[in-house]
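A short write-up of the structure that comes next.
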Amino acid sequence: MSTATVPTPAEVVELIRAAEARIQSLDFVSEHTIEDYPIGSNNRGKCKLEVEWKKNKGWRTVRTTTDKYGRWCKPKCSTYDNTPIAVVRLDGFPEAAWVRCGPSYGKHAIYLQGANGDLVETILEHPDGVPTSRPRREPHTYTMESRDPYGKLIDSKEYTTPADSPEACDAWEVWAPGLQHLMQMIMDRKAAV
């Protein structure tokens, strides 16, 4: 990993603050119905966005549309996720979206997802150069052993995983709690509606 691409802790703090301001500006709602939504062919109908939560499973998106006769169809649900999801009302197009946390298009992020599943806006993207899991400040040495079917040792090799750069470790130590703070903020804003 090149240290030139690793953001400084101050730069990571700025990313977190900008995301915090954007989350504060969002209008969290328990559900939202889009009155004019494409439901197939040239037909338009309603689309309701909701979030479902179940203990030991997490959150998932729920989208329900009407058919061409105006009757509500069976809800379509995403798979459960252990990161928070909330419905927000937006100014303009689209008029509502889900706030999601987690992998988005190959990177960890906090983002807005439209009713059709498209990415509406990335609020916070995992910075390049910052590890996605706790980095190592010291090298890690481990031994790999090969044994025959009777358990007799055939071969033993020692490997060393190098330490991450100090810059990457410093950036991660700001990133990880900042991301947790933002996810808690989303849960608190969702709970308040």
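Looking across region 18-37, the residues that are among the charged types (D, E, K, R) and either surrounded by 13 or more Cβ atoms within 10 Å (Cβ to Cβ) or under 17 Å from the mean Cα position of the chain (by Cα) (or both) come down to Glu20, Arg22, Asp27, Glu31.
Taking region 41-89 as the range and being among the β-branched types (Val, Ile, Thr) and either within 17 Å of Ile186 (Cα to Cα) or not in a loop (DSSP other than H, G, I, E, B) (or both) as the test, the residues that pass are Val51, Thr61, Val62, Thr64, Thr65, Thr66, Thr83, Ile85, Val87, Val88. Taken as a whole, region 62-79 holds no residue that is at pLDDT below 95, within 30 Å of Ala163 (Cβ to Cβ) and β-branched (Val, Ile, Thr).
Here is a check on your reading of the model: is Gly129 modelled with pLDDT under 95 and open to solvent by less than 30 Å² (accessible area, probe 1.4 Å)? So Gly129 fits the description; yes. When Gly102, Gly114, Gly40 are checked against the criterion of being in contact with a Pro (Cβ under 6 Å, 6 or more places away or on another chain), open to solvent by less than 60 Å² (accessible area, probe 1.4 Å) and not β-branched (Val, Ile, Thr), a single residue qualifies: Gly114. Note on region 171-188: among residues that are touching a helix residue (DSSP H, G or I) at 6+ places or on another chain (Cβ under 8 Å) and either aliphatic (A, V, I, L, M) or open to solvent by 60 Å² or more (accessible area, probe 1.4 Å) (or both), the one that is nearest to Trp53 (Cα to Cα) is Ile186. Looking across region 77-122, the residues that are among the basic types (Lys, Arg) and without any contact (Cβ under 8 Å) to a residue 40 or more places away in the chain come down to Arg100, Lys107. Just one of (1) touching a residue at least 12 places away in the same chain (Cβ under 8 Å); (2) assigned to a strand (DSSP E or B) fails for Ile16. It is (2). Being at pLDDT below 95 and of a type in the set (Val, Ile, Thr) holds for only one residue in Val13, Val6, Val29, and it is Val6. With respect to the conditions (1) closer than 23 Å to Glu31 by Cα; (2) modelled with pLDDT of 90 or more, Gly102 falls short on a single one, namely (2). The set of residues in region 90-110 that are in a strand (DSSP E or B) and of a type outside the set (Val, Ile, Thr) comprises Ala96, Ala97, Trp98, Arg100, Cys101, Gly102, Pro103, Ser104, Lys107, His108, Ala109. The residues of region 132-170 that are of a type in the set (A, V, I, L, M, F, W, C) and either open to solvent by 60 Å² or more (accessible area, probe 1.4 Å) or touching a strand residue (DSSP E or B) at 6+ places or on another chain (Cβ under 7 Å) (or both), listed by number, are Met144, Leu153, Ile154.
The values are calculated or read from the model by the stated rules, or taken from the named source; none is laboratory data. Keep in mind that what you see is a predicted model, and the values were worked out from it rather than measured. Note: ideal-geometry Cβ built from the backbone for every residue, glycine included; neighbour counts use all protein chains shown. Side chains are part of the model used for accessible areas, which takes the heavy atoms of the whole protein and leaves out ligands, DNA and RNA. Shrake-Rupley method; radii C 1.70, N 1.55, O 1.52, S 1.80 Å.
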